[in-house]
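These notes concern the structure reproduced below.
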Amino acid sequence: MISGLLDRPLAASETLRLSHERDDLLVIPATPDSLVGGDGTLGEIRNVLVFTANVVASLAYTDADGWTVVAKTVDPPEFEVVLDSLIEFRGDSLADEDRDEIIETIAEAYETFTDRALQ
């Protein structure tokens, strides 16, 4: 699927490592729940968005199936559709304000990624 993606949930440092090792790849936790466990500490990351120059995909980790591509699009700026599919897959519900903040954060990360990828 992705070279370097381990067959288990990721730690935050591993998403950073994957993104820093390759200029053509951005791997980020999809939602705050993807990063913070139920007890409020950093937990295992089981939901990620993966950006390349031409594709964005949402991946979910389940113990039964490992990493699964939930949705993808060949128009990375349209990542909201991919994110919504992942949220629906997980059965999560987000307040509109939370979703808007997540969208803004991801958009900023994507903009930084595209600036880096163009250099």
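Do we find a residue being open to solvent by less than 30 Å² (accessible area, probe 1.4 Å), at pLDDT 80 or above and either among the charged types (D, E, K, R) or assigned to a loop (DSSP other than H, G, I, E, B) (or both) anywhere in the range 30-38?
Within the range 30-38 (the criterion being open to solvent by less than 30 Å² (accessible area, probe 1.4 Å), at pLDDT 80 or above and either among the charged types (D, E, K, R) or assigned to a loop (DSSP other than H, G, I, E, B) (or both)), the answer is yes, since at least one residue qualifies.
Suppose we filter the range 89-106 for residues that are over 12 Å from the mean Cα position of the chain (by Cα) and either among the charged types (D, E, K, R) or at pLDDT 90 or above (or both); how many remain?
Count: 10.
Tell me the residue from 86, 59 that is assigned to a helix (DSSP H, G or I), under 21 Å from residue 12 (Cα atoms) and at pLDDT 90 or above, please.
Of 86, 59, the one residue that is assigned to a helix (DSSP H, G or I), under 21 Å from residue 12 (Cα atoms) and at pLDDT 90 or above is 86.
Only one of 101, 108, 88 is farther than 25 Å from residue 20 by Cβ and loosely packed, with under 14 Cβ neighbours inside 10 Å; which?
Answer to the check: 88.
Could you please let me know if residue 79 is over 19 Å from residue 53 (Cα atoms), modelled with pLDDT of 90 or more, out of contact with any Pro (no Cβ under 9 Å at 6 or more places or on another chain) and in a helix (DSSP H, G or I)?
No.
Can you name the residue in the range 61-77 that is of a type in the set (A, V, I, L, M, F, W, C) and either open to solvent by 30 Å² or more (accessible area, probe 1.4 Å) or in contact with a Phe, Trp or Tyr (Cβ under 6 Å, 6 or more places away or on another chain) (or both) and, of all such residues, is nearest to residue 45 (Cα to Cα)?
For the range 61-77, the residue satisfying everything is 67.
The values are calculated or read from the model by the stated rules, or taken from the named source; none is laboratory data. If you're wondering where the values come from, they're calculated on a predicted model, not measured in any experiment. We place every Cβ from the backbone using ideal geometry, glycine too, and count neighbours over all the protein chains shown. The accessibility values were calculated without ligands, DNA or RNA, using every heavy atom of the protein model including side chains. Shrake-Rupley method; radii C 1.70, N 1.55, O 1.52, S 1.80 Å.
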